[in-house]
1. Using C-alpha positions alone, give me the convex hull volume of segment 198-274 per residue in cubic angstrom.
2. Once the Cβ-Cβ distance between Arg228 and Thr114 is put in as r, and R0 is 56 Å, what FRET efficiency do you end up with, to the nearest 0.05?
3. If Lys and Arg each add +1 and Asp and Glu each add -1, what is the summed charge of the other residues whose beta carbon sits under 12 Å from the beta carbon of Tyr284?
4. If Lys and Arg each add +1 and Asp and Glu each add -1, what is the summed charge of the other residues whose beta carbon sits under 15 Å from the beta carbon of Glu140?
5. Only residues of segment 202-242 count here: report those whose backbone N is under 13 Å from the spot 7 Å along Cα→Cβ of Arg194, or say none.
6. How big is the equivalent ellipsoid of segment 83-241 along its three axes, where each semi-axis is √(5λ) from the Cα gyration tensor, reported in whole Å from largest to smallest?
7. Provide the FRET efficiency to the nearest 0.05 for the His291-Ser264 pair, computing r from the beta carbons and using R0 = 41 Å.
8. Taking the Cα centre of segment 176-277 as origin, sum charge times position over the Cβ atoms of Lys and Arg (+1) and Asp and Glu (-1), and report the length of that vector in debye to the nearest 20.
Amino acid sequence: MSTVGNRSAPGDPSAAPGSFRSVVSWKQARRRYTKTRATCCFFDQVHRMFTMTDPRTGDRSRSWFGLLVFGLLTAAPGCGSSDAPSAIHGTIRVGVLPGENRDALRDQFGPLLTYLGSETGVTYELVLHDSYEEFQQAFERRKVDLGWFGGYTFANVYRSSGAVPLVSRSRDSRFTSYFLVRTDNSAHDLNDMRGRRFAFGSRLSTSGHLMPRFFLQNRGIDPESFFREIRFTGAHDRTAMAVRDGEVDLGVANGSIIDTMYASGKLDPREVRILRVTPPFMDYVWACQPHLEPQFRSRLIDAFLDLSVHTPAHKLVLSPLRARYFVPVDIDQFKDLIGIIEQLAIAETAG
């Protein structure tokens, strides 16, 4: 399998750590990317207004209504200025994957939403959901404007609702999952776990289900026939606790969350150990509804890209997110992942 999203952005400061010039050029490159992207979105909308398709014949013709609207837009005072305020009114509703308990999610995302509000002049409200399915449905019903998605849920809302990818953490193009066992388990490899009890996270989790299933199948392991019992815990921390408490013999979870649980003392390496680490894959992404204005999207992306661990105030925002900085992303970086989803769906249907 080709690794998803392993493209490195030009001018990445990690290529020359400590170099002021490299950091400046990196930020400039990211800003050029976002400005170009916003411009393309604008002219794409103009093109769609100029042409319309006859639903009966499929013929495209010029839309005089589109020309009129475009004329009014460009003639209106300030509409052509990049500094014009966004037409966003009220509150931006933000949803996130419920991969941990609600208190942890509030602590994790609260500082970010406060920062985004100060940078974009818009109020952000964190809307929490009880399951991945509920979160996905809320976005599809436009009850969420901006979301923190895993690769699997993003692929679903991209196909169902046209979700627009904005940014990812620098680490998200090389994400991994951990297969966990109790430390007193004598297993040395996944093949030693035949006939045991196994736990995924949520059915819609990229790191807690989709990619681990894909990698297991690549090793010739069909979970349903290989393990005696399979359960879905619904969250990464619950998977780790199920392994620790002996409810299952093997579980798979988001590597980043497990690392944080070890560091915070919520998980003890004397009780739970890592049996296997998956190959890297593309995972998390911030994405928004397609109806949000390109100018507002550009401001939002800029706010993310300005975050740096070298700024003390920003570190307080980035640290809970397990991030060093954000990078712009586009749909091309998720094509391999979308292909895996389709491949697994075909295999499941055939089975």
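Every read-out reported here was derived from the displayed coordinates using simple, explicitly stated rules and does not represent laboratory data. Computed from a predicted structure; not experimentally measured. Glycine also receives a Cβ, built like all others from the backbone with ideal geometry; neighbour counts cover every protein chain displayed.
1. Values: hull volume 6.4 nm³, N = 77.
Hull volume normalised by residue count: 82 Å³.
2. On the way: r = 47 Å, r/R0 = 0.85.
FRET efficiency, Arg228 to Thr114: 0.75.
3. Details: positive: Arg169, Arg171, Arg174, Arg322; negative: Asp172, Asp283.
Every neighbour counted, the sum reads +2.
4. Charge balance near Glu140 sits at +2.
5. Hits in segment 202-242 for Arg194 at 13 Å: 220-222, 225-228.
6. On the way: eigenvalues 255, 51, 38 Å².
So the equivalent ellipsoid measures 36, 16, 14 Å along its semi-axes.
7. Numbers: r = 39 Å, r/R0 = 0.95.
So, using R0 = 41 Å, E works out to roughly 0.60.
8. That gives segment 176-277 a dipole magnitude of about 120 debye.
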